[in-house]
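A.B. asks: Before I ask anything, here is the structure I am working with.
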Amino acid sequence: MNYANNILETIGNTPMVRLNKVTEDIQATVLAKVEYFNPGHSCKDRMALKMVEDAEADGRLKPGGTIIEGTSGNTGMGLALAAVVKGYKLICVITDKQSKEKMDILRAVGAKVVVCPTDVEPTDPRSYYSVSKRLAEETPNAWYVNQYDNPSNAQANYEQTGPEIWEQTNGKITHFVVGVGTGGTISGVAKYLKEKNPDVKIWGVDTYGSVFKKYHETGIFDENEVYSYVTEGIGEDILPKNVNFSLIDGFTKVTDKDAAVYTRKLALQEGIFVGMSSGSALKGLLQLKEHFKPDDVVVVLFHDSGSRYIGKIFNDDWMRERGYLDEEITKAVDLIQS
Ligand code: PMP
């Protein structure tokens, strides 16, 4: 018999898939690490389990305890799987920008979901940072995860995602491109890959409305860079401890519209049905193409599944209302249907 003892044992070892049509004007080999094959349908399953196990090990999380986190959804899903299997309660504090599907999914796996406004300062008592901290103080036997500053986040990607990428490319990877939110994925993977080969280039994909790119280039935390945006999962208005800027070779910024359009293209032209930050990552990669030589092996990581965005980017009315449904997509649809 060949089975896992519980769902948590199925986390990781996600496939890598070559991109063909969407990268056709790039000569390098472009491979996508498709993280929706994880049981919670995102890369965040890895770090969620690692954060829980590390907190259990040093007594921050005690039997029957309540896990509390301010999460955009995917980390919540990973935490929920760990909480169900290991017998913890979970409260997810989420912003009203997140898709309804994400909230419903979290509730389906037993989490309590608290919704906070998006457009308030992090220090505002209504912000999801403040509300999650307050709940953690007020709830007995609670553990506040804090994925932004929790070192187990990057460590999970150092121990798992990095080695998987290295092995799947037979050590031939030359560039890694990935969206940056808490920074756990980029920093953990970058640390592993650069230890194996310091010449591997690490590219972060940021969004307009976020501070990362400017901070990386100038060392200045510029509040004027901060405004609201649609893309979920990447970009921040804070500097999380998990972003290790010294391991990152450069950032590129992608617009909400491009992120939406390129996510749709991935579904239509490659059959890879992913979330909006994956469209950002792909468009970011295309923006960086002058850095890639024909013999290079470029790996891009797709964080989550398109199923969480059915009511958004995969809904033509939602796309049209924002002016995102342009010729690019119509052409892609025509191409596929002709
Ligand atoms: N894309 C999605 C959909 C995410 O949920 C996240 C996690 N915030 C990211 C990208 C960025 O990953 P990280 O937090 O590891 O930087």
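A.B. asks: Could you give each residue of region 243-252 its phi-based ³J(HN,Hα) in whole Hz, using Karplus coefficients 6.51, -1.76, 1.60 with θ = phi - 60°, and x for Gly or Pro?
C.D. replies: In residue order, the calculated couplings are 8, 9, 4, 5, 8, 9, 7, x, 10, 10 Hz.
A.B. asks: So for region 103-235, Kirkwood radius off the Cα pairs, Stokes-Einstein at 25 °C and 0.890 mPa s: how many µm² s⁻¹?
C.D. replies: On the way: Rh = 17.2 Å.
For the chosen part, D equals 143 µm²/s.
A.B. asks: Tell me, what is the percent relative contact order of region 68-158, built from C-alpha pairs under 8 Å that lie six or more residues apart?
C.D. replies: Working: 121 pairs, mean separation 25.7, N = 91.
Once normalised by length, the contact order is 28 percent.
A.B. asks: Give the aspartates and glutamates whose C-alpha is closer than 12 Å to that of Lys172, dropping any in the same chain fewer than 8 places away, or say none.
C.D. replies: List returned: Asp199, Asp295, Asp296.
A.B. asks: Using a Cα-Cα cut-off of under 25 Å, which lysines could be cross-linked to Lys312, ignoring same-chain neighbours fewer than 8 residues away?
C.D. replies: Counting by Cα, and skipping residues close in sequence, Lys312 has these lysines nearby: Lys21, Lys33, Lys44, Lys97, Lys100, Lys102, Lys112, Lys253, Lys257, Lys265, Lys283, Lys331.
A.B. asks: Here's a follow-up. About the Cα centre of the chain, what is the dipole size in debye to 20, counting +1 per Lys and Arg Cβ and -1 per Asp and Glu Cβ, all else neutral? Don't skip to the answer; put the middle values down first.
C.D. replies: Details: 38 positive and 47 negative charges, 118 e Å.
Computed about the Cα centre, the dipole is about 560 debye.
A.B. asks: If each DSSP helix of 4+ residues adds -39,500 (n - 2.57) and the sum is divided by the residues in the chain, what number results at 222 nm, nearest 500 deg cm²/dmol?
C.D. replies: Details: 12 runs with 119 residues, N = 338.
Dividing the helical sum by the residues of the chain leaves -10500 deg cm²/dmol.
A.B. asks: Rounded to two decimals, what is the ratio between the C-alpha radius of gyration of the chain and 2.2 N^0.38 Å? Let's see the in-between values first.
C.D. replies: Details: Rg = 19.2 Å, N = 338, 2.2 N^0.38 = 20.1 Å.
Ratio of Rg to 2.2 N^0.38 Å for the chain: 0.95.
A.B. asks: Quick one: compute the contact order of the chain, relative version, from alpha carbon pairs under 8 angstrom and 6+ residues apart, as a percent. The partial results should precede the final answer.
C.D. replies: Values: 701 pairs, mean separation 64.0, N = 338.
Computed over the chain, the figure is 19 percent.
A.B. asks: So, counting K/R as plus one and D/E as minus one, what does the shell of residues with Cβ under 12 Å around Val180 add up to? If you can, show how the numbers build up before the last one.
C.D. replies: Details: positive: Lys213, Lys253; negative: Asp206, Glu236.
Summing Lys/Arg as +1 and Asp/Glu as -1 gives 0.
A.B. asks: On to the next question. Principal axes first, then extents: for the Cα atoms of region 57-124, list largest minus smallest coordinate on each axis, whole Å, largest first.
C.D. replies: In descending order, the Cα extents are 36, 27, 14 Å.
A.B. asks: Filter the chymotrypsin sites (Phe, Trp or Tyr not before Pro) in region 1-59 down to the DSSP loop ones having no more than 14 other Cβ atoms within 10 Å, then list what survives.
C.D. replies: Values: sites: Tyr3, Tyr36, Phe37; in loops: Tyr3.
Filter output for region 1-59: Tyr3.
A.B. asks: Follow-up question, since we're still on this one. Which trypsin sites (Lys or Arg not before Pro) in region 169-210 sit in a loop by DSSP (not H, G, I, E or B) and have at most 12 other Cβ atoms within 10 Å of their own Cβ? Present the calculation step by step, with values, prior to reporting the outcome.
C.D. replies: Details: sites: Lys172, Lys191, Lys194, Lys196, Lys201; in loops: Lys172.
In loop regions of region 169-210 (DSSP not H, G, I, E or B), there are no sparsely surrounded trypsin sites (Lys or Arg not before Pro).
A.B. asks: What is the extension gain from Phe221 to Thr123, computed as 0.36 nm multiplied by their sequence separation minus the C-alpha to C-alpha distance, in nm to one decimal?
C.D. replies: Numbers: separation 98, 0.36 × 98 = 35.28 nm, distance 1.60 nm.
Gain on stretching Phe221 to Thr123: 33.7 nm.
A.B. asks: Continuing with the same structure: Relative contact order for region 133-214 using alpha-carbon pairs under 8 Å, separation at least 6, rounded to a whole percent?
C.D. replies: 30
A.B. asks: May I ask for the net charge around Asp256, where only other residues with Cβ less than 12 Å from the Cβ of Asp256 are counted and Lys, Arg are +1 while Asp, Glu are -1?
C.D. replies: +4
Readers should treat all values here as calculations from the given coordinates under stated rules, not as data from a laboratory. Since this is a predicted model, take the numbers as computed values, not measurements. Neighbour counts run over all protein chains shown; Cβ positions are idealised from the backbone, glycine included.
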